Amino acid sequence: MSGHHHASHAGKAGFFVILVTSTFLMGSSFVSGKILLAQGFAPMSLVGWRFLVAALATLPLARLDNRSLRAALAPRGMRARDVALVALIGLTQTAAVMGLLFLSMRSISAATAAILLFTNPIWVAVLGRLFLGEALHRHRAAGLLLGIVGVVLAIGLGAGTLSSPGALAGELIGLASAVCWAAATIVNKRANLPMGAWALSFWQMLIGSVALLVIAYASGEHWPAAVNPTQWGWFLWLSIPASTGSFGLWFVALGQGGATRTSGYLFLAPLFTVVLSFFLLDTTLSWLQAAGGLLICVALWLVNREIPARSDQERMNAALAEGEA
């Protein structure tokens with residue numbers, strides 16, 4: 001019995017270490033991206049090349065399900081509808097979310113951008129209610145209300161943001177990136193695609209990166225003529241540990257803890273961004289923005305507290321799925 005208890009405790013500790021590492025890497029992506037943007041890198045070309053490198057780094061991981069790479073990337077049973085949905089997920093999840101995010105960070109801090117982006121579970125709940133008919137239990141409804149108040153505070157409307165149209169525009173763009181992420185999540189929920197998570201991750205990053213690079217070069221953006229070794233280091237960190245690494249560990253955490261339990265820890269990513277920004281970028285949040293971030297953390301916990309279900313049977317099936325994961 002004690003051995004079983006010890007193994008269970010070790011499993012929980014390992015799950016937490018994976019979650020902390022994943023969210024730390026997610027948080028670091030905002031800081032490394034902000035550093036490169038501040039040094040003159042154009043947003044669309046930076047994020048486009050970032051995810052092209054990240055997609056290529058994901059290729060070896062697509063074979064984790066013990067199939068050939070070709071079978072993993074182009075599984076039997078893929079229809080034209082599935083191909084179109086994969087493209088749509090790539091355009092929303094990678095191109096729209098990350099393109100808008102990096103565009104917003106030209107005028108707002110990395111910490112504010114992180115707080116706004118990780119409100120996405122709140123918008124998933126809203127869109128899930130509208131398009132999937134998912135029930136809004138009282139805890140989830142309370143979470144949505146707290147989240148809305150938190151967002152208002154986080155974008156600094158009470159701290160003079162309205163006097164800075166550029167900052168306000170950046171915050172609204174950051175918020176739009178979170179809504180795009182939520183939309184991609186809803187599409188993914190409905191898609192029921194016949195491919196593994198790693199293959200989907202590869203395709204969405206590849207499709208999104210190509211779209212971003214087309215937009216970047218069509219609008220006159222270009223890669224800097226001279227990139228020093230430190231900048232290459234930040235770019236490689238942004239592309240591989242902070243992209244492929246964070247997503248990979250997140251998938252592992254989802255497999256061990258289930259979607260409901262794991263998603264409640266997303267608030268750690270903006271927390272790490274705030275801490276890293278303080279040490280590496282010498283930036284801080286106002287008290288109102290910090291209070292908004294705290295409210296959003298509470299809102300995320302409430303939104304992810306229960307499994308939404310429209311019937312007893314659906315609740316039972318969802319609970320069984322969580323147990324199997």
Exercise for review: Pick out the one residue from Arg261, Arg310, Arg305 that is at pLDDT below 75 and part of a helix (DSSP H, G or I).
Suggested key: Arg261
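When you check Leu19 against the structure, is it modelled with pLDDT of 95 or more, part of a helix (DSSP H, G or I) and not small (Gly, Ala, Ser), yes or no?
In short, no.
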Exercise for review: Would you please list the contacts, defined by Cβ atoms under 9 Å and residues six or more apart or on different chains, that run from a residue in region 265-289 that is closer than 21 Å to Ile35 by Cα and of a type in the set (Ser, Thr, Tyr) to a residue that is at pLDDT below 80 and not in a loop (DSSP other than H, G, I, E, B)?
Suggested key: Ser286/Gly158; Ser286/Ala159
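Looking at Ala141, Ala176, which one is part of a helix (DSSP H, G or I), out of contact with any helix residue (DSSP H, G or I) (no Cβ under 7 Å at 6 or more places or on another chain) and modelled with pLDDT of 75 or more?
Selected residue: Ala141, the only one of Ala141, Ala176 that is part of a helix (DSSP H, G or I), out of contact with any helix residue (DSSP H, G or I) (no Cβ under 7 Å at 6 or more places or on another chain) and modelled with pLDDT of 75 or more.
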Review point. Which one of these is over 18 Å from the mean Cα position of the chain (by Cα) and buried (at least 17 other Cβ atoms within 10 Å of the Cβ): Phe278, Phe235, Phe267, Phe272?
Key: Phe235
Check your understanding: Mind checking which pairs have a first residue in region 221-237 that is touching a residue at least 24 places away in the same chain (Cβ under 8 Å) and a second that is in a helix (DSSP H, G or I) and of a type outside the set (A, V, I, L, M), Cβ under 6 Å, 6 or more apart or different chains?
Key -> Glu221/Ser45; Trp223/Ser45; Trp234/Ser32; Trp237/Ser32
Check your understanding: Would you call Leu153 under 30 Å from Ala291 (Cβ atoms), modelled with pLDDT under 80 and part of a helix (DSSP H, G or I)?
Key -> yes
Practice item. For residues that are touching a residue at least 24 places away in the same chain (Cβ under 8 Å), more than 12 Å from Pro43 (Cα to Cα) and not polar (S, T, N, Q), tally how many sit in region 80-107. Key: 10
Check your understanding: What about Leu52, is it within 30 Å of Thr283 (Cβ to Cβ), at pLDDT 95 or above and out of contact with any Asp or Glu (no Cβ under 6 Å at 6 or more places or on another chain)?
Key -> yes
Check your understanding: Within region 74-112, can you find the residues that are surrounded by 22 or more Cβ atoms within 10 Å (Cβ to Cβ), of a type in the set (Gly, Ala, Ser), farther than 23 Å from Thr58 by Cα and at pLDDT 90 or above?
Key -> Ser104, Ala110
Check your understanding: Got a sec? Which of Ala62, Ala71 is assigned to a helix (DSSP H, G or I), surrounded by fewer than 18 Cβ atoms within 10 Å (Cβ to Cβ) and either touching a residue at least 24 places away in the same chain (Cβ under 8 Å) or over 17 Å from the mean Cα position of the chain (by Cα) (or both)?
Key -> Ala71
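The values are calculated or read from the model by the stated rules, or taken from the named source; none is laboratory data. Everything numeric in this text was worked out from a predicted model, so none of it was measured. Cβ: placed from backbone, ideal geometry, glycine included. Neighbour counts: every protein chain shown.
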